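A short write-up of the structure that comes next.
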Amino acid sequence: MTRPCLHVFLAALFYAGAPETRAHPLMAEPVNHPLVFTFDQFYLPVDPDEHLAGGGHLLLAELNCSACHAAPDAWRPWLAPKPGPRLDGVGSRMDADMLWLFIRSPQHLKKGTQMPGLFSGAEGDEEKVEAVVEFLSASTWDAPQMPAGDAMRGRNLYHETGCVACHEPASDHRPANAPEDAELDRPGNASVPVVLADVWHQDALAAFLHQPLAFRPAGRMPDMLLTSQEAADIAAYLHLGRTQPGNALRAALQIPPQGIERGRQVFHEMRCAACHEAPGSSRVTAPSSHPMRTLRLDQGCLAERQTSGIPRYDLNDLQKRALRLALISLQAGARPDHLATPAQQTDWHMTRLNCYACHDRGHKGGPEDPRALYFTGTGSATGLPGGSAHLPPSLDQAGARLGREGLEKILLGPRAHVSSHTRMPLFGAPQVRPLVDWLLETDKGMPAR
Ligand code: HEC
Ligand code: HEC
Ligand code: HEC
Ligand code: HEC
């Protein structure tokens, strides 16, 4: 049986609406590979193998390969997996039909997602998916009451607070810094896709935007210090033109109820628990597949096709090449020496967290021109090295300039949110604590310009 092309069907359902929805950020050009922003930004097909292997290490970490394939001991601190989204209360966030679509085939609902598919359509898969959906739907949550949102205010906030450092700007929004009459360029780097926002209920979306780290502790989507009103405004903007689609496919399959217990079992069997805590539990399972040292490089997750139970990421050729180069070096016994100096540690953490979306340091990173136009001035940014006043400051010598107290204040909070300008977000203490130490260590003894 061939699968119908779900994303076409979904796009047609969601955005049949008003003209303004066609310029909307949710209509960003989709990418067909699991998007790791800094991999796409800093690694290219022309790069020599030694450089590209570094990109492979980044993918091994950011795509959570190490959640199932144990990394060699020396590499553990670098390749530690990141926690997946919390699924507690997910039944109050999206309805069963949308959970079904996403779990059955994540890339069909959300192109560019980092969540791999685990079902290839084999005998028995439909029942398993249904069981997991039943299990997850049963986890509900009283979403906090959020204020009513104003989509027009939301549109301005979306473009001015810094979302577009990582996500797609709308083509109908003219940024404050754009020269008059000049045509706006689209960003050259792919944007992080925003799609689940559309299937989440509006209050749940607003609650997520208000406190993203409570839902997604990995901090790759940072806390932008939005008030609950601002979060509700952006949620209203992201939901412009939304229509609640049904799911004819699931109904047509007529799978009988499978029982919540069966769902819990499948959740573990299919290794969902390698990345997600099961609702009601606080445990992720240890790596349970072949260790990295023994992986055959053209098999399993790196093969052309995956059978059920083997993650399907839809990696592109460059990603596969980088992953193979990284695995070859690990298997040859290479040690992470090239990452071991304080400066390299700093760079590694900034790359994983994508601080480079907004800041440059050592002539690396900072927003590309089409995105830089959207940044609006922050009081403290003026007069610092390397930046125009409206851009976030360069992080050159940040350790020396700010000291531990200054760094902790800005990276760990609590901070009151600042005006309507581009914000310095919070990424979560477990993510930024090591970075504070490495910034201080790297910049020790540097002149605090
Ligand atoms: C959710 C668990 C999980 C994750 C995450 C995962 N894999 Fe796998 N991988 C498997 C399973 C299961 C197999 C099939 C072999 C087995 O049963 O152990 C496999 C097989 C492989 C194989 C072939 C092994 C062999 O020698 O036959 C390679 C190579 C591989 N994975 C690479 C990767 C890479 C690279 C990533 C990250 C992009 C990754 N895997 C992420 C579970 C996972
Ligand atoms: C530093 C980059 C960055 C910034 C800034 C950022 N995001 Fe995100 N965002 C991400 C990443 C990466 C993900 C995917 C995270 C994951 O896999 O958990 C994400 C996920 C999301 C999601 C959920 C996923 C989905 O499919 O809908 C929404 C909604 C979202 N972002 C909206 C926003 C809004 C609104 C802002 C501004 C207030 C913002 N983001 C700022 C990087 C960023
Ligand atoms: C290799 C890690 C990994 C594995 C294995 C994995 N997931 Fe995910 N999952 C993710 C990531 C990352 C996201 C965020 C995706 C995004 O926003 O693009 C996610 C998102 C989700 C969501 C949406 C959460 C929300 O808040 O809307 C659900 C539901 C989900 N996963 C269920 C599952 C189930 C069920 C399985 C097993 C069949 C599974 N996941 C296996 C990494 C994983
Ligand atoms: C969405 C854009 C954005 C991202 C992503 C971002 N920052 Fe910032 N950052 C800012 C802005 C804007 C300022 C100016 C702060 C202000 O005036 O409130 C700032 C200020 C700072 C400062 C103070 C610099 C100084 O000289 O005063 C430090 C340190 C810093 N950021 C570190 C980081 C680190 C580390 C990361 C990644 C974990 C990061 N930032 C990610 C926007 C961002």
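The values are calculated or read from the model by the stated rules, or taken from the named source; none is laboratory data. Everything numeric in this text was worked out from a predicted model, so none of it was measured. With ideal geometry, Cβ positions are generated from the backbone for all residues, glycine too; neighbour counts draw on all protein chains shown.
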Here the qualifying pairs (Cβ atoms under 9 Å; residues six or more apart or on different chains; first in the range 228-242 and under 15 Å from His159 (Cα atoms); second within 16 Å of ligand 4 (Cβ to nearest atom) and of a type in the set (Gly, Ala, Ser)) come out as Glu230/Ser420
Near pairs, Cβ below 9 angstrom, 6+ apart or cross-chain, from the range 153-173 (more than 19 Å from Ala190 (Cβ to Cβ)) to any residue that is within 16 Å of ligand 1 (Cβ to nearest atom):
none
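Report yes if Leu395 is at pLDDT 95 or above, part of a helix (DSSP H, G or I) and within 10 Å of ligand 4 (Cβ to nearest atom), otherwise no.
Working: at pLDDT 95 or above: yes; part of a helix (DSSP H, G or I): no; within 10 Å of ligand 4 (Cβ to nearest atom): yes.
Criteria not met by Leu395.
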Mind checking which pairs have a first residue in the range 113-136 that is more than 26 Å from Met221 (Cα to Cα) and a second that is among the β-branched types (Val, Ile, Thr) and within 16 Å of ligand 2 (Cβ to nearest atom), Cβ under 9 Å, 6 or more apart or different chains?
Phe119/Ile103; Val129/Ile103
Residues that are without any contact (Cβ under 8 Å) to a residue 12 or more places away in the chain and polar (S, T, N, Q), drawn from the range 342-381
Gln344
All conditions in (1) within 16 Å of ligand 2 (Cβ to nearest atom); (2) at pLDDT 90 or above; (3) more than 18 Å from Met98 (Cα to Cα) are true of His239 except (3)
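Which residues, counting only those in the range 70-88, are under 21 Å from the mean Cα position of the chain (by Cα) and either in a helix (DSSP H, G or I) or among the polar types (S, T, N, Q) (or both)?
Pro77, Trp78, Leu79
Determine whether Thr341 is more than 30 Å from Glu127 (Cβ to Cβ) and within 16 Å of ligand 2 (Cβ to nearest atom). Steps first, please.
Values: more than 30 Å from Glu127 (Cβ to Cβ): yes; within 16 Å of ligand 2 (Cβ to nearest atom): no.
Criteria not met by Thr341.
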Go through (1) aliphatic (A, V, I, L, M); (2) touching a strand residue (DSSP E or B) at 6+ places or on another chain (Cβ under 8 Å); (3) more than 22 Å from Arg86 (Cβ to Cβ) and name the single condition Leu213 misses.
(3)
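Listed here are the residues, each with its yes/no results for (1) at pLDDT 95 or above; (2) outside any helix (DSSP H, G or I); (3) within 16 Å of ligand 3 (Cβ to nearest atom).
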site: Thr307; (1), (2), (3): yes, yes, yes
site: Ile310; (1), (2), (3): yes, yes, yes
site: Leu318; (1), (2), (3): yes, no, no
site: Leu325; (1), (2), (3): yes, no, no
site: Ile328; (1), (2), (3): yes, no, no
site: Asp337; (1), (2), (3): no, no, no
site: Thr346; (1), (2), (3): yes, no, no
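Looking for whichever is within 9 Å of ligand 1 (Cβ to nearest atom) and in a helix (DSSP H, G or I) here; the options are Leu60, Leu99. Which one fits?
Going through Leu60, Leu99 in turn, the sole match is Leu60.
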If Ser171 passes every condition in (1) buried (at least 22 other Cβ atoms within 10 Å of the Cβ); (2) within 30 Å of Ala357 (Cβ to Cβ) but one, which one does it miss?
(1)
Whichever residue in the range 297-313 is closer than 14 Å to His33 by Cβ and away from ligand 2 (no atom under 16 Å from the Cβ) and, among such residues, is nearest to the chain's Cα centre (by Cα):
Arg312
Here is a check on your reading of the model: is Leu184 surrounded by fewer than 20 Cβ atoms within 10 Å (Cβ to Cβ) and of a type in the set (A, V, I, L, M)?
yes
For the range 216-235, indicate whether the set of residues that are buried (at least 19 other Cβ atoms within 10 Å of the Cβ), within 26 Å of Leu411 (Cα to Cα), within 10 Å of ligand 3 (Cβ to nearest atom) and among the aliphatic types (A, V, I, L, M) is non-empty.
yes
For the range 351-374, indicate whether the set of residues that are over 23 Å from Arg155 (Cα atoms), modelled with pLDDT under 95 and in a helix (DSSP H, G or I) is non-empty.
no
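Go over the candidates Arg76, Arg86, Arg104, Arg93 one by one and state the one that is surrounded by fewer than 20 Cβ atoms within 10 Å (Cβ to Cβ) and within 12 Å of ligand 3 (Cβ to nearest atom).
Arg86
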I'd like to check something: does the range 40-57 contain any residue that is among the small types (Gly, Ala, Ser) and under 27 Å from Phe215 (Cβ atoms)?
no
Just the residues that are within 11 Å of ligand 1 (Cβ to nearest atom) and either under 14 Å from Ile310 (Cα atoms) or polar (S, T, N, Q) (or both), please, taken from the range 276-286.
Thr285
Criterion (part of a helix (DSSP H, G or I) and of a type in the set (S, T, N, Q)) met by exactly one of Gln244, Gln258, Gln229:
Gln229
